[in-house]
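Before any comments, here is the structure.
The values are calculated or read from the model by the stated rules, or taken from the named source; none is laboratory data. Just so you know, these numbers come straight off a predicted model, no measurement behind them. Quick reminder, even Gly has a Cβ in these numbers, built from the backbone with ideal geometry, and neighbours come from all protein chains shown.
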Amino acid sequence: MWLVLLASFTVEAIQPFNAQEQYPWVYPGDFRERVRQADLVASGTIRSTVPSSTRVVDGVDLTSNSASIEVDRIFKGQASGRTVHFLWFSPAPAEGGGVIYSGPPLANFVAGQRLMVFLRKDVTGYVVILPVYQIEVPLAPASPVNVSDVSVLPDDVRDSEIARELESAALSIGPPAPGTTGFAANYFPYVVDLIGGCAKPFLQHFAASPSNELRGAAQRWLKLLVDKHMSCATSTYH
């Protein structure tokens, strides 16, 4: 339901890639689909990431990158330890140069980033649920003493906890540059996907922004809640 709406808030990536390849993967239509496809949904800080080898995935030559994340929260699944190792993929170097790529943002795990990651288990270990495309979500910095595991809680509570992380990330972003919507609006559809009408207070915060563009984006999502009769029927949020 949110695929078309999400497109209006996603900044297209302009990066080099191999002109001879056509990517066969479909970007998830909403945030719940990311959670559904993953065996492990966790937040944490990337500790290392290095290219390892070229690998063929669904008939496409890609660079396989090895990364590790120090987990601080688990939303779905189980981790065998505080540090989780996984593979992610980037376009293989193009022979004879590259061309301009216009499409969904490409994955880019950088050491020191705190992210929410969506991983599946295969015969080699954990791997991102979707090659090449950016499925990971930047989060606000945090330094919890102990790992918080909400994976055993009911799905609506888990979704609420994920939404809180995303709201904190959006609220940690500074004011957008004049004439731009900024990055905070990227989180609006994610939060609405997860908690529906319970996103109203979050959106109302940005509906009071001094930025015309950011204020307008929040107001459009608030209007959507009204048009779709989306109310907050749960007591697990706010």
Pairs with Cβ under 7 Å, 6+ apart, first in the range 110-135 and in contact (Cβ under 8 Å) with a residue 12 or more places away in the chain, second part of a loop (DSSP other than H, G, I, E, B) and among the hydroxyl-bearing types (Ser, Thr, Tyr): Val132/Tyr23; Tyr133/Tyr27
One residue from Ser160, Ser209, Ser151 being in contact with a Gly (Cβ under 8 Å, 6 or more places away or on another chain) and either farther than 30 Å from Ala92 by Cα or in a loop (DSSP other than H, G, I, E, B) (or both): Ser151
Filter result for the condition that a residue is more than 20 Å from Asp72 (Cα to Cα) and either of a type outside the set (Gly, Ala, Ser) or buried (at least 19 other Cβ atoms within 10 Å of the Cβ) (or both), over Ala207, Ala217: Ala217
Checking Ile74, Ile162 in turn, the sole residue that is modelled with pLDDT of 90 or more, assigned by TED's automatic domain parsing to the domain that holds Ile195 and under 29 Å from Ala233 (Cβ atoms) turns out to be Ile162
Criterion violated by Ala142 - all others in (1) over 28 Å from Leu62 (Cα atoms); (2) touching a helix residue (DSSP H, G or I) at 6+ places or on another chain (Cβ under 7 Å); (3) touching a residue at least 40 places away in the same chain (Cβ under 8 Å); (4) assigned by TED's automatic domain parsing to the domain that holds Ser52 satisfied: (2)
Looking at Ala111, is it modelled with pLDDT of 90 or more and farther than 22 Å from Arg32 by Cα? yes
Out of Arg36, Arg55, which single residue is in contact with a Leu (Cβ under 8 Å, 6 or more places away or on another chain) and either surrounded by fewer than 18 Cβ atoms within 10 Å (Cβ to Cβ) or over 16 Å from Thr83 (Cβ atoms) (or both)? Arg55
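Listed here are the residues, each with its yes/no results for (1) closer than 30 Å to Ser160 by Cα; (2) among the aliphatic types (A, V, I, L, M); (3) not in a strand (DSSP E or B).
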| site | (1), (2), (3) |
| --- | --- |
| Gly44 | yes, no, no |
| Ser48 | yes, no, no |
| Pro51 | no, no, no |
| Ala67 | yes, yes, no |
| Glu70 | yes, no, no |
| Phe86 | yes, no, no |
| Ser90 | no, no, no |
Within the range 170-181, residues assigned to a loop (DSSP other than H, G, I, E, B) and under 19 Å from Arg114 (Cβ atoms) come out as Ser172, Ile173, Gly174
Within the range 72-84, how many residues are surrounded by fewer than 17 Cβ atoms within 10 Å (Cβ to Cβ) and assigned to a strand (DSSP E or B)? 1
Within the range 217-226, does at least one residue satisfy the condition of being over 30 Å from Asp58 (Cα atoms) and polar (S, T, N, Q)? yes
